[in-house]
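Below is one structure, written out as structure tokens, with a few remarks after it.
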Amino acid sequence: MMRVLAVFLQLTLWAASAHAFTLFVPEFQCGPTGECGGPKRQAGSVGERSDVLTLDLVARPRDADHASATYDPIERAIGNVARKYGRYGVSRAIMDAELGRRENTYAVSKPLTPTTSNSAGVYQWGPDYSYFIQVKVGSAQQPFYMLLDTGAGNTWLMDKKCTEEACTLHNRFDPSTSSSFKSENKHFFVEYGTGNLTGIIGDDKISFAGKTFDFEFGLANHTADDFKFFAFDGILGLAMSDSVTGTFLQIQKQKKSLDKMIFGLSINRDADGINDGQVTFGGVDPAKYTGEISYLDVPSAQKSRGEWVIPLGGISYNGKKAKLTAKYGVIDTGTSFIFASPGDADALHENVPGSQVEVHTYYKDYFVPCDITTPMIFTFGGKQYEIPAKDWLGKVSDDKCKSRIYGMNGYEDTWIMGDVFLKYVYTVFDADNGTMRIGFAAKAPPPKTATTTAGGASSTSADPSKPIMPGFGGGQETSGTADPATTAAADSRPGGIIPSGLRTPKTPRTPNRVRFDLTPTIVTNGRFPDGVSNDDTHHHARESFDLDEDDYLSAGGNHDRERGGSRGEGRVPLLTGIEAPSVTVANTFGEHGEDVDSWAAAERARPKSDLSSAFMNMANSIIGAGIIGQPYAFRQAGLLAGTLLLVVLTVVVDWTICLIVVNSKLSGATSFQGTVEKCFGKPGLIAISVAQWAFAFGGMVAFGVIVGDSIPHVLTAIWPDLRAMPVWGLLADRRVVIVVFTLGVSYPLALYRDIAKLAKASTFALVSMGVIVVTVVTQSLLVDPKEKGEIKGGEGWVVNAGVVHAIGVISFAFVCHHNSLLIYGSLERPTIDRFSKVTHYSTAVSMFACLLMALSGFLTFGDKTQGNVLNNFPADNTMVNIARLCFGLNMLTTLPLEAFVCREVMLNYYFPGEPFNMSLHLIFTSSLVFSAMVLSLLTCDLGTVFDLVGGTSAAAMAYILPPLCYIKLTTKSWRTYVAWAVAAFGTLVMIMSMFQAIGKMVTGEGETKQCY
């Protein structure tokens, strides 16, 4: 029965895998003509897209009140990664036409032509949602729109090689058309909440503001899906922080392209009926402001990080000054609205009559009556700046308006002053002569002429459903614990807002964050993110990933500000969007909407693992039941072949474990399941779910069997008369031992939500395995010669016919891929570098232990070596009995690790994105442990099932799925060829293991026996 069930599960896995990897083309991956996986689209088809995001141009009234600024709902971004369908490059003429088309598609408002030198007109997409300039790049002068972003120092454009929909909607730079383009092929990537941006660093001439600059910039060949909702083709980073592309102002002054490191900015208000937005580099334009410019110095701590931050004097409404905790204001052109901590936002809106608060998972909305006309007053350096009600409010219905000042977790001492504030002042950013300061002046009134869009409308009215959201330069990389499916449950009703990527220390940040100033890393020597290490990665202050410093999530205070700023924007890990899947579902509010601060405090208290604890968990996942079978694997393969297999498979497993985390980062998913689903759709999800669940559940059953087969023998060896003892005699019965120890030890451990709490149990388990290895090594030297076996000829010493079987046994021992993201998420500071260290140490120690066990057992027992090498030793050997006891107890602490995996597979498949539910947690955990216990009571021998499920499921998880996902998510390189080779190897092992198991079924060899 067990064998038939296992075959059924495996056939299901095969069917799903075949569909996922050969036939499945999701609808969203099909071309606009309906062709799926067909020919690439031809050049010149830019304007022929049928699925392009088209927004109608609407003439907006110009009356004085804020009724004209109807507030459209802010919907969350969709999808993470679009399929890479091909599209050839386009000519310069086509690109010019594309800009014109996009001005209609996205309702881009053209600015007036500047009359001041070194100035560029600022385009607007909105109304009032993002501001960008037109630049021309390379010797061919290819035109692009670039977002002006004072919150980041990185400059990049989309590359021609990027064929995702987010790129094909925009102009892409073609280096082959520019004779002045240079590149050393240094790779970089930027982490986003719902995806990422990867590419290379290039150098070329960029022309704007009447000048031509020679400058390094990133070329993105992979972008997050969010970019298809925006009109710009890249970002011009204007922060002073170090970045992978260099600090623009500093570099241009050094090259004498600019006389001064200063620029003045005036952005327009759409309702004024004229787009006179302008940015002036190297100075200011007196025609754009009236009166004097009032300057404030950037505080020394923020200056050292190159941040445009100034002291905040206060905020008042109708003469009532709000009691704020914030001390600073970030002046960020890359943010649409104004953001503060929930406490500060509450304090401000308490002064507004009739205001009502609506609490969401990560932020707060504030609704007020629409008849309010009182402005908000912001104070900087003793000067007051007025924001009229028509702009700090947006209309939701006839009698209900929403504040554009949001309360968001993570802003304890900082306000983010976005475009809602900046469009009412002329702003000067001055970093010249060793200083760093920001100046404000009253804006000059706009001219009395009309502004037109490319379509001739007198105003712009783009869909504001995708505004630029808050963040700070590189430091504010998203670190959410929920994937897009998780956050989909947050708020989809009208008026919802995409939560920010920011958070207080050790509280989750949502991945649905639309902000494009996140930290990149330069990876030199042609190394891609999967090969990141401290030896070949250039880390940059603030806009870098310092992978090995103290906990970047530590609570604030001076230490926090010194390391990452007052807003917790310290150097963050390469991959921060993943928590342990066991806690992912808990990172949204419960059904009754608990208090934000209480929830955040509880999340901060969640246990995490340091490197040593994570090592214990991973090593325990590897050095489990499989280590006992390593001598048997050498018997099957031969001594030389077995040794080579063990070493090579260790290296491959090490690589694919790390690849799972890299793939998760590339896809934006937060689980192994989610990554495969992103790559191969629903069939992929089914395939990985079946593989993970079958492997983990099979391990649970096996561990129960081992407990029943080892502990009773140990107890009877210690107390020969145990069976005759009243009550205690029950412990001589394997079934009683399985029930007592499983329910008394494994079940309570499996009830934990956090895998970090198993670190101590894992430490004990590792100590136990050490005892087992030492026992086999030492006692094998003392074995009676009559008990020893022989190693015959070339089959024994070199290579034997059972190589494939040996691969299955070794793979079963080393596969812990289903636990990898659990362990990654349990790290205090989850970074690829730190996780790689854990993986390398764990696999190396495990290989050494397995090799020692295999050599000691096989060289002693030769052709007599059994699947459980402990069974080769006499039953009265005291030290071996102690090892058997340790082995049984080790299985009790390893079983919960597999239960964690089974539970998360079921939750992620059946209840994706659901908040934590204690009832489901208890039901799933209990059903898993009890069902595994029952099966272990019914059978004593699961060898054939291990051959079938372990050999094939382990191969799928270790050798097939990770490399196939990597191939799907990255561009072609030598690494993809290695990935293809590993995937082919895994497929071969899977097929041969399958036929071996079926052959045993047909012949009746190795039939399982029942235990009564």
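The values are calculated or read from the model by the stated rules, or taken from the named source; none is laboratory data. Since the model is a prediction, treat every value here as computed from it, not as a measurement. Counting neighbours? That spans all protein chains shown, and the Cβs are built from the backbone with ideal geometry, glycine included.
Take the residues in region 180-213 that are of a type in the set (D, E, K, R) and modelled with pLDDT of 90 or more; name whichever of them is surrounded by the most Cβ atoms within 10 Å (Cβ to Cβ).
Per the criteria, the residue is ASP204.
From the list ALA849, ALA875, ALA883, ALA854, pick out the single residue that is outside any loop (DSSP other than H, G, I, E, B), surrounded by fewer than 22 Cβ atoms within 10 Å (Cβ to Cβ) and assigned by TED's automatic domain parsing to the domain that holds PHE812.
Among ALA849, ALA875, ALA883, ALA854, only ALA849 is outside any loop (DSSP other than H, G, I, E, B), surrounded by fewer than 22 Cβ atoms within 10 Å (Cβ to Cβ) and assigned by TED's automatic domain parsing to the domain that holds PHE812.
Check whether at least one residue in region 397-418 is at pLDDT 85 or above and of a type in the set (S, T, N, Q), and report yes or no.
yes
Does ASP344 satisfy being in contact (Cβ under 8 Å) with a residue 40 or more places away in the chain, farther than 26 Å from PRO127 by Cα and part of a helix (DSSP H, G or I)?
yes
Which condition breaks for LEU907 when tested against (1) aliphatic (A, V, I, L, M); (2) crowded, with 17+ Cβ neighbours inside 10 Å; (3) assigned to a loop (DSSP other than H, G, I, E, B)?
Failed condition: (3).
For region 360-367, does any single residue satisfy the condition of being modelled with pLDDT of 90 or more and surrounded by fewer than 21 Cβ atoms within 10 Å (Cβ to Cβ)?
Among the residues of region 360-367, at least one is modelled with pLDDT of 90 or more and surrounded by fewer than 21 Cβ atoms within 10 Å (Cβ to Cβ), which makes the answer yes.
Need pairs with beta-carbon distance below 9 Å; first residue at positive phi and within region 663-691, second small (Gly, Ala, Ser); sequence gap 6+ or separate chains.
GLY668/GLY193; GLY668/GLY195; GLY668/ALA224; GLY668/GLY577; GLY668/GLY674; GLY681/ALA20
Taking region 375-396 on its own, how many of its residues are farther than 20 Å from ILE416 by Cα and touching a Pro at 6+ places or on another chain (Cβ under 9 Å)?
1
Is it the case that region 345-357 has a residue that's buried (at least 21 other Cβ atoms within 10 Å of the Cβ), among the charged types (D, E, K, R) and touching a strand residue (DSSP E or B) at 6+ places or on another chain (Cβ under 8 Å)?
no
Would you mind stating whether LYS678 is crowded, with 22+ Cβ neighbours inside 10 Å, assigned by TED's automatic domain parsing to the domain that holds LEU935 and either outside any helix (DSSP H, G or I) or among the basic types (Lys, Arg) (or both)?
Yes: the conditions hold for LYS678.
Go over the candidates VAL284, VAL279 one by one and state the one that is assigned to a loop (DSSP other than H, G, I, E, B), at pLDDT 90 or above and not small (Gly, Ala, Ser).
Checking each option against the conditions leaves just VAL284.
Can you tell which of THR168, THR163, THR177, THR70 is of a type in the set (Ser, Thr, Tyr), modelled with pLDDT of 90 or more and surrounded by fewer than 24 Cβ atoms within 10 Å (Cβ to Cβ)?
Just one listed residue meets the conditions, THR177.
Residue check: is LYS256 outside any strand (DSSP E or B) and among the basic types (Lys, Arg)?
For LYS256, the condition - outside any strand (DSSP E or B) and among the basic types (Lys, Arg) - is met.
State which residue is modelled with the lowest pLDDT when the search covers only region 122-160 and only residues that are closer than 23 Å to VAL244 by Cβ and hydroxyl-bearing (Ser, Thr, Tyr).
Among them, the one singled out is SER130.
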